[in-house]
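Below: one structure, written as structure tokens.
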Amino acid sequence: MPRLAGRRPHLALALLAVMIPLASCGTGTAPVPADDAVSHYDDLATELGAALAVDGTPWTLAPDTRQVAGGDDGCRFTPGTWSPETPLPEPSEDEGWTRRMATVNSVLSGYGFEEIEDVTEDGSRTVLQTQDEHGATLSITAEGRIRIWEAAVDTDPCTAETLGIEQS
């Protein structure tokens, strides 16, 4: 028995030596297929806007916030920033933020995003923030601005045209 006990640390170290390099490979995310990337996030923003809307307030995408960039970590798509025509009233208390989180979570569940459990402090602002299975981060400000950035995309070449985005 003493010989087996003496070998366990070596086995653990050997497993650790194999696991560390594997864990550091890639982004740890599943890239979204290029054909689905734009519509996936546009549909999400549309549904979030509809769920958050006060008196039918429409949300508009700022076209210059939509970007595609390639790098060492692969192709990354920033779907952009959508703002409501009229800013939403800021939740004034914890109960208001809890209601807003529940509304947002009801939409996020169908798009592969983690459920939001608490507000996030972003500088002097309070936001709702989460990530999806493609590495994208979603942030919603108190006023209702929706921003989505850095989704891993499975495409080569990594260009706006490949994703079907028209450049102006």
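Taken together, the values in this text are just the output of simple stated rules run on the coordinates, not laboratory data. In this text, all values refer to a predicted model and were calculated from it rather than measured experimentally. Note that each Cβ is placed from the backbone with ideal geometry, even for glycine, and that neighbours are counted across all protein chains shown.
Worth pointing out:
- A cut-off under 10 angstrom between Cβ atoms defines the neighbours of Asp154, and their net charge, with Lys, Arg +1 and Asp, Glu -1, is -3.
- Cα-centred dipole magnitude for region 30-168, charges only on beta-carbon of K, R (+1) and D, E (-1), debye, nearest 20: 320 debye
- Scaled radius of gyration (Cα, divided by 2.2 N^0.38 Å) that region 72-168 gives: 1.22
- Each part reduced to its alpha carbon centroid, region 108-130 and region 65-87 end up 17 Å apart.
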